[in-house]
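The values are calculated or read from the model by the stated rules, or taken from the named source; none is laboratory data. Since the model is a prediction, treat every value here as computed from it, not as a measurement. Neighbour counts run over all protein chains shown; Cβ positions are idealised from the backbone, glycine included. When the accessible area is computed, the model is the full protein with side chains, heavy atoms only, and any ligands, DNA or RNA have been set aside. Shrake-Rupley method; radii C 1.70, N 1.55, O 1.52, S 1.80 Å.
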Amino acid sequence: MQNIPDFLAIGHVTRDLHADGSFSVGGAVTFATCCASRLGLSAGMVTSADPEIALQLPNLLPDVALAVRPSQSTTTYANRYSNGVRERFCLVQSEPLSIVDIPQQWFSAPIVLFGVQAQEIGADIILRYPRQPATLLAAIPQGWLGSPDATGYVQPRLWQEIERVLPALDVLIVSREDLLPFSRDAQEGSAGLLSRWSQLVPCLIATDGSHGATLFQHGSKQHFPAYLTHEIDPTGAGDVFTAAFLTHIHRYRNPEQAIDFANCAASFAVEQPGLQGIPTLAMVKQRWNSYNQ
């Protein structure tokens, strides 16, 4: 029998291609479970991957329990940055996930994160999820905000079911970078999306890199500045923010304090490439206390 994790992340791990032809294992679930583990929670992941990646995951995430749906391929991305703006290319997509891929015991996990990469999580998983009274359901909707064209370039395109599933969530954490393409929509734009979505989910957070994060709650919004840091690699920082926020709010039920804690954790994530920058709880507390003296 598999132990019940404190923090369960559901979504695709990814092959993130680099300019030199090498790759690293990424995806929201990878960064989030690693962060939750380093912050002191037991973590579990439900994903889909090819045999090569499936064999790598236990070594990459030794403290994370794994439920891997076998697939012939792993969702593969190539990212390009131009003046701080990322262009994403989805070259391969893995098998989508279904509710039967989740071990039965894990439905009792107190924190559940849907880390959507490539629309691999459908409405049925979220709407049918057998949550317990104290369960915290959250989502990163990156994969619901775009789909690849014939060349693999991820075009901005809203998933039609997004507003149907938001009321079933407790927390939605969205990057303003992912909403940037919608800013050109004169009829509504990204600000309009945030305003409307904030009426559908109890807690919505819009992250904005070095500009910090904004909390939307009960019809009001509050901005929290980022921590000063030297950025080396922003990849995964939003996922670290998410895991840190959910970890803190699970422990203390204070969303304002949790956002500040998450901003602090994310400041470490950008200082080193990949998983190397994800901090321990002691590291976050030390920096957090020094800023808040």
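Can PRO225 be described as farther than 26 Å from LEU8 by Cβ and either open to solvent by 20 Å² or more (accessible area, probe 1.4 Å) or out of contact with any Phe, Trp or Tyr (no Cβ under 6 Å at 6 or more places or on another chain) (or both)?
Numbers: farther than 26 Å from LEU8 by Cβ: yes; either open to solvent by 20 Å² or more (accessible area, probe 1.4 Å) or out of contact with any Phe, Trp or Tyr (no Cβ under 6 Å at 6 or more places or on another chain) (or both): yes.
Spelling it out, PRO225 is indeed farther than 26 Å from LEU8 by Cβ and either open to solvent by 20 Å² or more (accessible area, probe 1.4 Å) or out of contact with any Phe, Trp or Tyr (no Cβ under 6 Å at 6 or more places or on another chain) (or both).
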>> Against the definition (at pLDDT 95 or above, within 19 Å of the chain's Cα centre (by Cα) and open to solvent by 20 Å² or more (accessible area, probe 1.4 Å)), how does ASP233 come out, yes or no?
In response: no
> Can you name the residue in the stretch 25-65 that is within 28 Å of PRO148 (Cα to Cα) and without any contact (Cβ under 8 Å) to a residue 40 or more places away in the chain and is also surrounded by the fewest Cβ atoms within 10 Å (Cβ to Cβ) among such residues?
Replying inline: GLU52
>> Tally up the residues in the stretch 108-123 that are under 23 Å from GLY152 (Cα atoms), assigned to a loop (DSSP other than H, G, I, E, B) and either open to solvent by 10 Å² or more (accessible area, probe 1.4 Å) or small (Gly, Ala, Ser) (or both), please.
In response: 4
> Scanning the stretch 1-26 for residues that are among the hydroxyl-bearing types (Ser, Thr, Tyr) and touching a Gly at 6+ places or on another chain (Cβ under 9 Å), which turns out farthest from LEU246 (Cα to Cα)?
Replying inline: SER24
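Please note which strands (runs of 3 or more DSSP E) are completely contained in the stretch 137-236 and include at least 2 residues that are in contact (Cβ under 8 Å) with a residue 60 or more places away in the chain, in contact with a Gly (Cβ under 9 Å, 6 or more places away or on another chain) and closer than 23 Å to PHE268 by Cα. Talk me through it step by step, then tell me what you get.
Working: elements: 146-148, 154-156, 171-175, 203-207, 213-217, 220-224.
Fully inside the stretch 137-236 and qualifying: 171-175.
Rundown of residues vs (1) within 19 Å of ALA118 (Cα to Cα); (2) at pLDDT 90 or above, yes/no style:
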position	(1), (2)
ALA134	no, no
ALA150	yes, no
PRO167	no, yes
SER190	no, no
> Only one of these conditions is not met by PHE268: (1) aromatic (Phe, Trp, Tyr); (2) touching a residue at least 40 places away in the same chain (Cβ under 8 Å); (3) open to solvent by less than 40 Å² (accessible area, probe 1.4 Å). Which number is it?
Replying inline: (2)
